[in-house]
1. Arrange 97, 42 by Cβ neighbour counts within 10 Å, fewest through most, would you?
2. May I ask you to derive the FRET efficiency for residue 76 and residue 194 from their Cβ-Cβ distance with R0 = 45 Å, giving the value to the nearest 0.05?
3. Which FRET efficiency, nearest 0.05, do residue 128 and residue 30 yield, Cβ-Cβ r, R0 35 Å?
4. May I ask you to sort 29, 115 by Cβ crowding, counting other Cβ atoms within 10 Å and putting the fewest first?
5. What is the extension gain from residue 201 to residue 110, computed as 0.36 nm multiplied by their sequence separation minus the C-alpha to C-alpha distance, in nm to one decimal?
6. Would you mind computing Rg(Cα) / (2.2 N^0.38 Å) for the range 4-225, counting N as its residues?
7. So, R0 is 30 Å and r is the distance between the beta-carbons of residue 92 and residue 16; what FRET efficiency does that work out to, to 0.05?
């Protein structure tokens, strides 16, 4: 959901980082770069979910200034090793070195500092074989932590939309246990504050809020505050046999979209 205003708001409200979704979102590299610049101005770290299977994009995304990567559909340790190799400079990987990028402060950062600054890498477990390989994936050097993608995992189990099904919940718990056992960071995605608190209580080190879930909940709360749908509808001539003149001030609730 590309929108620089939302990145700015996240910074103003004290979030630690933002995730920019380039897998399901529409952000191209130039638009991504503008989001990263705004995030930096407001003290936010940036994690980018890369397009599925496009590991060649990793270098460009990191050069644009991203601090971390959220990598979808990691099925085994070889997948994880390939991501680390693409994200790290030699000798740990094969990422091309360029100091004149935003990541290198346009040539002002010392090369040794740029090379030593390794990105956060969160591997997403979204298939059954990834669940079985979670321990091996988490043990790959350079992998920061694991996150279950509940929607895709449910589909993998033949349970589309049933993210709270016992099979999906059980598989998620196994991934979290494997992550902890490897000494890596359990990462959880949610949309509501109470779920975030529960995730931290259960040992998560990173919690990501789904913006669409959070906004839907916020909008539903706002809509529920109106006294009567019929009153609001009549004001706007949506449900009246004899429309009233629009001379009186409208009542109800609305949302203002930024221009």
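1. 97, 42
2. 0.85
3. 0.40
4. Ranked by crowding around the Cβ, least crowded first: 29, 115.
5. The span from residue 201 to residue 110 would gain 28.8 nm if fully extended.
6. 1.03
7. Between residue 92 and residue 16 the formula returns 0.70.
Coordinate-derived values only; no laboratory data. These numbers were taken from a predicted model, which means no experiment stands behind them. Backbone-built Cβ (ideal geometry, glycine too); neighbour counts: all protein chains shown.
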